[in-house]
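*Asks:* One structure, as structure tokens, below. Some questions next.
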Amino acid sequence: MSDLASLLAVTLPLSWAAAVSPVTLSIFLVIMSMAKKPRLAGFSFYIGAIVVLLVTVLIGIFLGQKLSSAGHGDPITMASIDIFLGAVLFLLGLRNLATKEHGKSNNILNRLQVDPKISTPRQFIKYTSIGIVAFLMNFSTAIFVLAVGRAIGVANAGFMNDSASVIILIIIALLIIEIPLIFFVVVPDKAHNIMNPINEWISNHGNIVTGLFCLAIGFYVVYNGLQKLGIS
């Protein structure tokens, strides 16, 4: 197995875990529904999200390199970290399943507006800031992006493999923004009709989707950790 394939075997499940963010999708759809220039708002929000992911994964890579240089990159330590992350996912999953109103507390975002009369650069900064804040609020995404960075730092698979892993992480983790953004760019007239029911459904059922997904990924991560320890 190549270095990149070995690295992706570890980072892909964590990247999918980082993509679980119905609340972030709701924030994005609310912003898009209010924006007079939805394409500007969407791409600005997306750039803000990328900034947060890049900073977070770079911190994770730095921590992973420190673990490796300190002699803590052995399979037992890595397995323990995987089991811990899996346990966190289980707890997040159970918490979301136990939450009755996942998206209702975020209805305050319906009051968030950007004055269309201000200059385009100021609108860009505003929407980018909203994207940054939205992803900073998402603890589950941050913890798994850090985990991806840690795996990359420990693996030390080379610049090209590391870069490919980071790009794949960003693509997967931001699918929840990229897919609706494509709709708003390709079919802007129909995008609101398509996305508004999705936003409503997510507001009512996003906790269940997040909970089940976290439990599934958590099981995989724990199983992977136990395999490293030779238990499973």
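*Asks:* Which one of these does residue 232 not meet: (1) modelled with pLDDT of 70 or more; (2) not in a helix (DSSP H, G or I)?
*Replies:* (1) is the only condition that residue 232 fails.
*Asks:* What's the total number of residues in the range 41-56 that are open to solvent by less than 10 Å² (accessible area, probe 1.4 Å) and hydroxyl-bearing (Ser, Thr, Tyr)?
*Replies:* The number of residues fulfilling the criteria is 1.
*Asks:* Something else: Answer with yes or no whether residue 156 is at pLDDT below 85 and more than 25 Å from residue 87 (Cα to Cα).
*Replies:* So residue 156 fits the description; yes.
*Asks:* Only one of these conditions is not met by residue 191: (1) farther than 15 Å from residue 26 by Cβ; (2) modelled with pLDDT of 90 or more. Which number is it?
*Replies:* (2)
*Asks:* Could you pull out the residue among 14, 40, 53, 25 that is modelled with pLDDT of 75 or more, over 16 Å from residue 176 (Cβ atoms) and hydrophobic (A, V, I, L, M, F, W, C)?
*Replies:* 40
*Asks:* Another question about this same structure. Here is a list: 155, 151, 191, 147. Which entry is more than 18 Å from residue 48 (Cβ to Cβ), touching a residue at least 60 places away in the same chain (Cβ under 8 Å), more than 17 Å from the chain's Cα centre (by Cα) and open to solvent by less than 20 Å² (accessible area, probe 1.4 Å)?
*Replies:* Residue meeting the stated conditions: 191.
*Asks:* If you check 175, 215, 226, which single one turns out to be more than 17 Å from residue 89 (Cβ to Cβ), open to solvent by less than 70 Å² (accessible area, probe 1.4 Å), at pLDDT 75 or above and not basic (Lys, Arg)?
*Replies:* Exactly one of 175, 215, 226 is more than 17 Å from residue 89 (Cβ to Cβ), open to solvent by less than 70 Å² (accessible area, probe 1.4 Å), at pLDDT 75 or above and not basic (Lys, Arg), namely 175.
*Asks:* While we're here: Look through the range 66-86, keep the residues that are over 23 Å from residue 226 (Cβ atoms) and in a helix (DSSP H, G or I), and return whichever of them is modelled with the lowest pLDDT.
*Replies:* Step by step, filter the range 66-86, then rank; the result is 69.
The values are calculated or read from the model by the stated rules, or taken from the named source; none is laboratory data. A quick note: this is a predicted structure, and the numbers were derived from the prediction, not measured. Counting neighbours? That spans all protein chains shown, and the Cβs are built from the backbone with ideal geometry, glycine included. For the accessible areas, the whole protein counts, side chains as well, though only heavy atoms, and no ligand, DNA or RNA atoms are used. Shrake-Rupley method; radii C 1.70, N 1.55, O 1.52, S 1.80 Å.
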